[in-house]
Structures are given as structure tokens and as C-alpha cells.
1. How big is the gap, in Å, between the Cα center of the stretch 77-95 and the Cα center of the stretch 25-71?
2. In the stretch 23-43, which residues have a backbone nitrogen under 15 Å from the label point lying 7 Å from residue 64's Cα in the Cα-to-Cβ direction?
3. Note down the magnitude of the dipole of the stretch 20-75 about its Cα centre, charges +1 on Lys and Arg C-beta and -1 on Asp and Glu C-beta and zero elsewhere, to the nearest 20 debye.
4. Can you tell me the dipole magnitude for the chain around its Cα centre, using point charges on the Cβ only (Lys, Arg +1; Asp, Glu -1), in Debye to the nearest 20?
5. Compute the distance in nm between two label points, each set 7 Å from the Cα along the Cα-to-Cβ direction, one at residue 8 and one at residue 22.
6. Can you tell which of 80, 49, 27 lies farthest toward the positive end of the dipole of the chain, using +1 and -1 charges on the Cβ of basic and acidic side chains (Lys, Arg; Asp, Glu)?
7. Given labels modelled 7 Å from the Cα in the Cβ direction, how far is it in nm from residue 94 to residue 44?
Amino acid sequence: MVWLFVRQIVPGGPADRAGLKTQDVITLINGKRISFIDELAALNFFSGIRPGQRVLLGVVRGRTVQTVTIVAAGAPPYMVERRRINEEVAKAQRH
């Protein structure tokens, strides 16, 4: 099983507003199991989400399972640069 571990939440950002917490484990996206083959695939998926789009996450928090709905927002400039760097690292790891 593939899952995503939430290490950090941007204060006031979409995940924070939706109630996502650090140490949550995301197991589903829009009702489907996560199936990214690598980090680059995950980055490509998330970069395709547009502001205003709703994304439903299946989240395990402790012993509870819940659905969290996040409404996407535009990325601030520093996140755009961070995403670019992450994509370069992911591409380098593929080779």
C-alpha cells in the first residue's frame, strides 16, 4: 500500500483550513488508493490541481479514519520555487 505522511502544514493554507494535521497519513485521494510510482509522479499529480478544485483525502489519524476535503488555492511564489527544486531532485533520482 502506498500512502503519504503529512510532515508539515502551512499555517492558514488549504490543508490547515481543511483540518489536516501533521502526522496524518493520507491513504486515498478522491476515493482512489494512492498509486504514484515515484515522487515525480506525485509532484505532477499535485501540480495539476487548480485553484478552487476540491480534493477528497482519506486520512488515518491515530486510530480513526476520516475524509478531509481540501479546496485548492494558488501556490505562493516560494512554493512554486520549492516545487521546481523538488521536481529537479525527483528527476535526478530517476536516472
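1. Using only Cα atoms, the two centres lie 19 Å from each other.
2. It comes to 23-25, nothing else.
3. Values: 7 positive and 3 negative charges, 54 e Å.
The dipole of the stretch 20-75 has a size of about 260 debye.
4. Working: 14 positive and 7 negative charges, 47 e Å.
The dipole of the chain has a size of about 220 debye.
5. With each label point 7 Å from Cα toward Cβ, the separation is 1.0 nm.
6. Most positive-ward Cα: 27.
7. Between residue 94 and residue 44, the label points sit 0.6 nm apart.
Just so you know, all these numbers are worked out from the coordinates, no wet-lab data involved. Predicted, not measured: the structure shown is a model, and the values here were computed from it. When we count neighbours, we look across all protein chains shown, and the Cβ atoms used for this are built from the backbone with ideal geometry, even at glycine.
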